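Read the structure below first, then the notes.
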Amino acid sequence: MCLRQAAALRIPAAIAGLASTALGPVVCADQTPSNEFQEAAREMLVRELEAAGVRDPRVLAALRAVPRHEFVPPPERARAYENRPLPIGEGQTISQPFVVAAMSEALELSGDERVLEIGTGSGYQAAVLAELAEEVFSIEIVPSLAREAAERLSRLGYDRVHVRQGDGYAGWPEEAPFDAIVVTAAPDHVPKPLMDQLALGGRLVLPVGPLSAQELVLVTRDEDGTHQRRFMDVRFVPMTGRAQQ
């Protein structure tokens, strides 16, 4: 199926004036949209997220900087800048951009942190984190996704992201503690190994619960211990491996 490029976007009325930059060429499902289209689409997405409540200017800048279309399979690239999850193979998805922004914002990163990510997927969230922090350690349980994400991040110049294949439930103890931890698959509880690897003053964000009733949970650590707060309904793929035992 072929569509005019602008039709591939859900354009908010408030930013419809930008649509003229994407009108004109026709793009087919098996074609990669032009660089100009991708840039205009990315800008419209960021403005949509800002209108939806994303406030941190560093997070908005990171979303502008990371080419999301590079992190989805070619058949999905015409939809890369829609505010929705998309399939990336192996039964996994790339998260909705608003959720990526919300989780990144909740970490309150200033630029010098060491961050652990559980669930590399395509590598998109890791790339966003690399724009916000000093160093990112990311674990992916699916071998093919881990390999492809590592290659993709390297090709795009994200050399401060370290990808390892394995079960992320146990974290990355030899690199702990971490200033921030983000989990992109949902266990039914907050894994204790991840809480143990959170530095004093650190922040852990993850979805918790069954598919029908998941919430994002923010865990913080201070001198008195750890504290939890639930702040948004979400829907993530379940965390596999040890989390299901």
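The values are calculated or read from the model by the stated rules, or taken from the named source; none is laboratory data. A quick note: this is a predicted structure, and the numbers were derived from the prediction, not measured. When we count neighbours, we look across all protein chains shown, and the Cβ atoms used for this are built from the backbone with ideal geometry, even at glycine. Only protein heavy atoms, including side chains, enter the accessible area calculation; ligands, DNA and RNA are left aside. Shrake-Rupley method; radii C 1.70, N 1.55, O 1.52, S 1.80 Å.
Can you list residues from other chains, or at least 5 along the same chain, whose modelled amide H is less than 5 Å from the amide H of Val234?
Here Gln214, Glu215, Leu216 satisfy the definition.
Need one number: nm distance between label points at Leu156 and Ala52, each 7 Å from Cα along Cα→Cβ, rounded to one decimal.
1.8 nm
Based on Cβ point charges of +1 for Lys and Arg and -1 for Asp and Glu, what charge dipole magnitude is obtained for the range 123-165 about its Cα centre, in debye rounded to the nearest 20?
Dipole about the Cα centre, nearest 20: 140 debye.
Given a 1.4 Å probe, how much area per residue of the range 67-135 is accessible, in Å²?
30 Å²
In the range 108-193, carbon and sulfur make up what percent of the accessible area (probe 1.4 Å)?
46 percent
Using θ = phi - 60° and the Karplus relation 6.51 cos²θ - 1.76 cosθ + 1.60, list the HN-Hα couplings for the range 204-221 in order, rounded to whole Hz, with x at every Gly or Pro.
Those phi angles translate into 10, 10, 7, x, 9, x, x, 3, 7, 8, 8, 9, 6, 10, 9, 10, 10, 10 Hz.
Got a number for the accessible area of Ser110? Probe 1.4 Å, square angstrom, nearest 10.
Roughly 80 Å² of Ser110 is accessible to a 1.4 Å probe.
Where does each of His227, His69 land when they are ordered by accessible area, with a 1.4 Å probe and the largest first?
Reading off the accessible areas and sorting them downward yields His227, His69.
Quick one: if the Förster radius is 30 Å, what FRET efficiency do Glu108 and Asn35 give, using the C-beta to C-beta distance and rounding to 0.05?
E(calc), rounded to 0.05, equals 0.35.
As a test question: what accessible area, to the nearest 10 Å², does Arg84 have when a 1.4 Å probe is rolled over all protein chains in place?
Approximately 70 Å² for this residue.
What is the range 46-130 by shape, rounded, prolate or oblate, if you read a ≥ b ≥ c off the alpha carbon gyration tensor as root eigenvalues and call it rounded for a/c under 1.5, prolate for a/b larger than b/c, and oblate otherwise?
It is oblate, given that a/c is not under 1.5 and a/b is not larger than b/c.
Under a 5 Å amide H to amide H cut-off, with H placed in plane at 1.01 Å, what residues pair with Val163 once short-range neighbours are removed?
Residues meeting the amide H criterion: Ser138.
How much solvent-accessible surface does Leu107 expose, in Å² to the nearest 10, with a 1.4 Å probe and all protein chains in place?
10 Å²
Taking 7 Å along the Cα-to-C-beta vector as the label spot, tell me the Arg147-Asp167 distance in nanometres, rounded to one decimal.
2.2 nm
Of all the C-alpha pairs in the chain, what % are more than 26 Å from each other?
37 percent
Where does the chain land at 222 nm, in deg cm²/dmol rounded to the nearest 500, when only DSSP H runs of n ≥ 4 count, each adding -39500 (n - 2.57), divided by all residues?
Helix contribution divided over all residues of the chain: -8000 deg cm²/dmol.
If a/c stays under 1.5 just call it rounded; otherwise compare a/b with b/c (prolate if a/b is bigger, oblate if not). Do that for the range 126-243, with a ≥ b ≥ c from the square roots of the Cα gyration tensor eigenvalues.
In terms of gyration-tensor shape, oblate.
Under a point spin-label approximation (7 Å from Cα along Cα-to-Cβ), what is the Glu174-Phe231 distance to one decimal in nm?
The two pseudo-label positions are separated by 3.3 nm.
Between Glu43, Glu105, Glu90, which gets the highest mean-square fluctuation from a Gaussian network model of the chain, Cα cutoff 10 Å?
Between Glu43, Glu105, Glu90, it is Glu90 that shows the largest mean-square fluctuation.
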